[in-house]
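Single-structure report; data block below.
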């Protein structure tokens, strides 16, 4: 068995072992890709007609119950003939359609049709790249977070595999490079520039010999034609080069936005795939020191020129913290393909010692195959360990994009404020006359320069330092029920400081084990061995709070809006008796600081 075949067989075998325990499901934009593939399988397409719409919606709901209310009309744009096109282009779905039809024919989930296509593309990429990268680098690059997408109706494997093939082919089969990159560009218009770069760099570095090569000229034409397919189709039907432009931000991106896919600890490489970043930097430094002339190879030049294009394109998306991922942004996967030429040089020149390279590959693959196993659910690792550690223990060290921080903590789409870590060490706020500080966190005066903009409040003890949230100005939705009312802030601050809130908060919000029954009241709690602080938010007309405490506690129930002491509270040490905390309906927000009896 040749090395190429061995790489491909190993890839297919490992891929099917991974997906064996993963349920067939649609995530992210998977409904769009599946609807397009089913439409093609029915020999109708690429746009979706009105008669097919209810049938496709029913099929999608049967495949993925979470999409029961998903609407093609809402997700797609109508053309002049009233047939609808999705924001995401149809070429990937067209490639998957034969496999989807075959899966349907034998009674399998149509999602498995996309799985077969993804595995074939990944195997092809490894077949091309593996012998040129060596086994260790191949494991590092492909036994990576990419594996989560192999059984998903999503374009990540499609894009990475085709780009990897394109960069490998630039030196071995130049005619194939523009075709592979052009196919990748059908789904992602920024890659069209990479097609032009591959052709331009190839021609210049070959001494223009390629201009006399008919095979290459035909291949370049095919590549450019594929790259032009989406702009041409969408312009003719919708008057725009891409419907994806509707999901981009106006203006120039900031440094924070440009670097987020790499340096953000929650969704970037540094927090999810650090070995690619660290090891690639090591290879790059060694290449500069020991193999500098080789850095002018066409594949390395093309990859280096593509990097800023990708970073700019990633930063322009209006939804940087998207779905269909456990944590790592899908765009960061493109760096795998960009790294292929560098790791090829590293393998050819033996830039990294074999023990170091194998250690990096095995450790990275072991972590990736567990953390990014295809069965893992969306957003399962958010915030990542690194993000959580930084935000909860060193809040001033890193300020994420507001959308990333808010959605990571609230698990909902959109930037909602105020929002905080469980220990209130890092808080995203926006000055609002109705209130600025999240319930459970210590209110403070908001600086004037935070008015009308999003700011981070970073807590040290009972004091805050403030920093403007990075990125272009972003709209945020204020959630009044999540904030202390403005009139309550001075009273809440006084009560919390008198009770030593800062020491309690350092341990974070906890589940209240003593809580046995509640009605029409939300409860948040901080505690230490001798103290218990409850924040009680009344939500209805019959509030009930019933506790069972094994220790005796004394405290005072305060109305948060006025600071009024409503009643003294005594909880007895009981193991079999429930005790009610009286919550008068005259107030909607209470603070209940409790101290264990005898610990004063």
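The values are calculated or read from the model by the stated rules, or taken from the named source; none is laboratory data. Since the model is a prediction, treat every value here as computed from it, not as a measurement. Neighbour counts are summed over all protein chains in view; Cβ atoms, including those assigned to glycine, are modelled from backbone coordinates with ideal geometry.
Every residue, every condition in (1) surrounded by 15 or more Cβ atoms within 10 Å (Cβ to Cβ); (2) within 22 Å of residue 505 (Cα to Cα); (3) in contact with a helix residue (DSSP H, G or I) (Cβ under 6 Å, 6 or more places away or on another chain), yes or no:
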| position | (1), (2), (3) |
| --- | --- |
| 558 | yes, yes, yes |
| 564 | no, no, no |
| 571 | yes, no, no |
| 575 | no, no, no |
| 580 | no, no, no |
| 586 | no, no, no |
| 589 | yes, yes, no |
| 593 | yes, yes, no |
| 598 | no, no, no |
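Just one of (1) on the phi < 0 side of the Ramachandran plot; (2) surrounded by fewer than 19 Cβ atoms within 10 Å (Cβ to Cβ); (3) touching a residue at least 24 places away in the same chain (Cβ under 8 Å) fails for residue 520. It is (1).
Residue 246 - would you say it is surrounded by fewer than 21 Cβ atoms within 10 Å (Cβ to Cβ), part of a helix (DSSP H, G or I) and modelled with pLDDT of 95 or more? No; evaluated as a whole, the condition is false for this residue.
Listed by position, the helices (runs of 4 or more DSSP H) inside the stretch 127-209 whose residues that are out of contact with any helix residue (DSSP H, G or I) (no Cβ under 7 Å at 6 or more places or on another chain) and under 18 Å from residue 304 (Cβ atoms) number at least 3 are 191-205.
On the given criteria, is residue 517 closer than 30 Å to residue 571 by Cβ and assigned to a strand (DSSP E or B)? Explain how you work it out, then say what you get.
Working: closer than 30 Å to residue 571 by Cβ: yes; assigned to a strand (DSSP E or B): yes.
Spelling it out, residue 517 is indeed closer than 30 Å to residue 571 by Cβ and assigned to a strand (DSSP E or B).
If you check residue 164 against the conditions, is it surrounded by fewer than 24 Cβ atoms within 10 Å (Cβ to Cβ), assigned by TED's automatic domain parsing to the domain that holds residue 338 and closer than 18 Å to residue 346 by Cα?
Details: surrounded by fewer than 24 Cβ atoms within 10 Å (Cβ to Cβ): no; assigned by TED's automatic domain parsing to the domain that holds residue 338: yes; closer than 18 Å to residue 346 by Cα: yes.
Criteria not met by residue 164.
For the stretch 39-60, a tally of residues being part of a helix (DSSP H, G or I) and farther than 26 Å from residue 329 by Cα returns 11. The number of residues in the stretch 17-38 being closer than 19 Å to residue 369 by Cα, touching a helix residue (DSSP H, G or I) at 6+ places or on another chain (Cβ under 7 Å) and assigned to a helix (DSSP H, G or I) comes to 2.
Please determine, by comparing only the residues of the stretch 443-459 that are under 30 Å from the mean Cα position of the chain (by Cα) and touching a residue at least 40 places away in the same chain (Cβ under 8 Å), which one is surrounded by the fewest Cβ atoms within 10 Å (Cβ to Cβ). Can you show your working first?
Here is the first cut: in the stretch 443-459, the ones under 30 Å from the mean Cα position of the chain (by Cα) are 450-459.
From what is left, the residues that are touching a residue at least 40 places away in the same chain (Cβ under 8 Å) are 454, 456, 458-459.
Details: 454: 24, 456: 25, 458: 19, 459: 23.
In this case the residue turns out to be 458.
Evaluating residue 504 against the criteria (1) assigned to a loop (DSSP other than H, G, I, E, B); (2) touching a residue at least 24 places away in the same chain (Cβ under 8 Å) leaves one unmet condition, (1).
For the stretch 415-428, does any single residue satisfy the condition of being surrounded by fewer than 22 Cβ atoms within 10 Å (Cβ to Cβ), assigned to a helix (DSSP H, G or I) and out of contact with any helix residue (DSSP H, G or I) (no Cβ under 7 Å at 6 or more places or on another chain)? Scanning the stretch 415-428, I find no residue that is surrounded by fewer than 22 Cβ atoms within 10 Å (Cβ to Cβ), assigned to a helix (DSSP H, G or I) and out of contact with any helix residue (DSSP H, G or I) (no Cβ under 7 Å at 6 or more places or on another chain), so the answer is no.
Look at residue 580 and say whether it is in contact (Cβ under 8 Å) with a residue 12 or more places away in the chain, at positive phi and not assigned by TED's automatic domain parsing to the domain that holds residue 459. Walk me through it before giving the result.
Numbers: in contact (Cβ under 8 Å) with a residue 12 or more places away in the chain: yes; at positive phi: no; not assigned by TED's automatic domain parsing to the domain that holds residue 459: yes.
Criteria not met by residue 580.
Filtering the stretch 370-394 to residues that are closer than 15 Å to residue 147 by Cα and touching a helix residue (DSSP H, G or I) at 6+ places or on another chain (Cβ under 7 Å) leaves 372, 373, 374, 376.
Please find, within the stretch 40-57, the residue that is surrounded by the most Cβ atoms within 10 Å (Cβ to Cβ) out of those that are touching a residue at least 24 places away in the same chain (Cβ under 8 Å) and in contact with a strand residue (DSSP E or B) (Cβ under 9 Å, 6 or more places away or on another chain). Before the answer, list the steps.
Of the residues in the stretch 40-57, the ones touching a residue at least 24 places away in the same chain (Cβ under 8 Å) are 40-41, 45-50, 53.
Within this subset, residues satisfying the condition of being in contact with a strand residue (DSSP E or B) (Cβ under 9 Å, 6 or more places away or on another chain) are 46-50, 53.
Numbers: 46: 17, 47: 21, 48: 25, 49: 14, 50: 12, 53: 18.
Once the filter is applied, the top-ranked residue is 48.
Do we find a residue being in contact (Cβ under 8 Å) with a residue 40 or more places away in the chain, under 25 Å from the mean Cα position of the chain (by Cα), surrounded by fewer than 18 Cβ atoms within 10 Å (Cβ to Cβ) and part of a loop (DSSP other than H, G, I, E, B) anywhere in the stretch 268-277? No, that holds for no residue. So is residue 505 within 33 Å of the chain's Cα centre (by Cα), surrounded by fewer than 19 Cβ atoms within 10 Å (Cβ to Cβ) and farther than 18 Å from residue 570 by Cα or not? Spelling it out, it is not the case that residue 505 is within 33 Å of the chain's Cα centre (by Cα), surrounded by fewer than 19 Cβ atoms within 10 Å (Cβ to Cβ) and farther than 18 Å from residue 570 by Cα. Please work out if residue 69 is within 22 Å of residue 186 (Cα to Cα) and either in the same structural domain as residue 241 (by TED's automatic domain parsing) or in a loop (DSSP other than H, G, I, E, B) (or both). In short, no.
Looking at this structure, is residue 37 surrounded by 22 or more Cβ atoms within 10 Å (Cβ to Cβ), in contact (Cβ under 8 Å) with a residue 24 or more places away in the chain and over 30 Å from residue 167 (Cβ atoms)? Talk me through it step by step, then tell me what you get.
Working: surrounded by 22 or more Cβ atoms within 10 Å (Cβ to Cβ): yes; in contact (Cβ under 8 Å) with a residue 24 or more places away in the chain: yes; over 30 Å from residue 167 (Cβ atoms): no.
Considered against the rule, which asks whether it is surrounded by 22 or more Cβ atoms within 10 Å (Cβ to Cβ), in contact (Cβ under 8 Å) with a residue 24 or more places away in the chain and over 30 Å from residue 167 (Cβ atoms), residue 37 comes out as no.
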